[in-house]
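Written out below as structure tokens is the structure these notes cover.
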Amino acid sequence: MSDGKPTGLKADKGIELLTWGTPNGWKASIILEELKEAYGKEYTWQGVNISTNVQKEPWFTKLGPNGRIPVIVDHDQGGFAVQEGLAILTYLTRHYDPEHKFSFKDPLDISRAEQWMAWQHGGLGPMQGQANHFNRFTKERIAYGMQRYTGETERLVGILDTHLASTDYLVGNKFSIADISSFGWIHMLRFSGVDLDAFPHLKKWWERILARPAVQKGLEVPSKSGFGNDTYLQKLKDDKEFADKEGKLAEQVKAAKEQYGYKYSSP
């Protein structure tokens, strides 16, 4: 393990994970912790602080050309590197989940899982990421961007909520990589300006997954984030200044929706 600034790979066997505490990073750390618990599959990790652009350094982009976390390196496969969370989830279960505890044997269930993972990769992640950007990180508050991407995130999580009304998990009624793919984004839904309580089936799904010991461990690689739904709510209770600031942001999002006549609908 390494929580200092990495300058290259450290391991010479097994899986090495280069990651940070984000929804995409959690995909890799959660499945690795689940494989560790299920099969005893050990792995090593290094924390890549994305705010310092370590992921843009040549040694990293040689492994992950897109310059984004997470990246895994399989030292037992000649140092084979895999970038992108969706690809990491499928690679690790294809090679290291022989009993299909987190993946599927049935071709139709394989397709169902691929569909939900593609949906997250092309929809939920990008749209919620843009909601975070326009709600929190732009120098100026741009009302159209705030309501557009917050609203689209709500639409997408509404699709999950509807699907989960009749099943505990996304595919095959078992916890799998399909769930892991979306879980990290739902785990920080409140931070993104969306009320998780408005989606009761989704909230129960989130609670169900969060209760898994391996998921808890995965969320702490490289360190526990303050933006998860649970820690976010606790901070609202404990920190009045933070609560006031978040209240003002919520009012800005609401005003942006009213300005552009936003009305929730899903799908």
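When 188, 146 are arranged by Cβ crowding within 10 Å, least crowded first, meaning fewest neighbours, the order is 188, 146. Scalar couplings 3J(HN,Hα) for segment 191-203, obtained by applying the Karplus form with A = 6.51, B = -1.76, C = 1.60 to θ = phi - 60°, are 4, 7, x, 10, 7, 4, 5, 6, 10, x, 5, 5, 4 Hz; x denotes Gly and Pro.
Taking the convex hull of the alpha carbon positions in segment 102-154 and averaging its projected area over all directions gives 4.4 nm². With all projection directions averaged, the alpha carbon convex hull of segment 4-70 covers 4.5 nm². Ranked by how many other Cβ atoms sit within 10 Å of their own Cβ, fewest first, the residues 51, 265 fall in the order 51, 265. For residue 81, neighbours were defined as the other residues whose beta-carbon sits under 12 Å from its Cβ, and their charges (Lys and Arg +1, Asp and Glu -1) total -2. Considering only 34, 152, 251, the Gaussian network model of the chain with Cα springs below 10 Å gives its largest mean-square fluctuation to 251.
Charges were assigned to the Cβ only: +1 to each Lys and Arg, -1 to each Asp and Glu. The resulting dipole of segment 11-95 about its Cα centre is roughly 240 debye.
Of the residues 165, 111, 61, the one whose Cα sits farthest toward the positive end of the charge dipole of segment 52-182, with +1 on the Cβ of Lys and Arg and -1 on the Cβ of Asp and Glu, is 61. Here the peptides 118-124, 129-135 are ranked by packing, the mean other Cβ count within 10 Å, and the order with the highest first is 129-135, 118-124. GNM on the chain, alpha-carbon springs under 10 angstrom: the most fluctuating residue among 58, 107, 213 is 107.
Shape class of segment 63-222 from the alpha-carbon gyration tensor: oblate, with a/c at 1.5 or above and b/c at least as large as a/b. Taking Cβ atoms as reference points and 14 Å as the exclusive limit, the residues near residue 117 contribute a net charge of -1, counting Lys and Arg as +1 and Asp and Glu as -1. Charge tally around residue 102: other residues with Cβ under 13 Å, Lys/Arg +1 each, Asp/Glu -1 each, net +1. Summed over all non-identical Cα pairs, the Kirkwood treatment of the chain gives a radius of 19.3 Å. Kindly provide the pair-distance distribution of segment 1-144 built from C-alpha pairs, with 10 Å bins from 0 and whole-percent values in order of increasing distance. Going out from 0 Å in 10 Å bins, segment 1-144 shows 11, 37, 33, 15, 4, 0 percent.
Taken together, the values in this text are just the output of simple stated rules run on the coordinates, not laboratory data. Every value quoted in this text rests on a predicted model; they were computed, and no experiment measured them. No Cβ is skipped: glycine too gets one built from the backbone with ideal geometry, and neighbour counts run over all protein chains shown.
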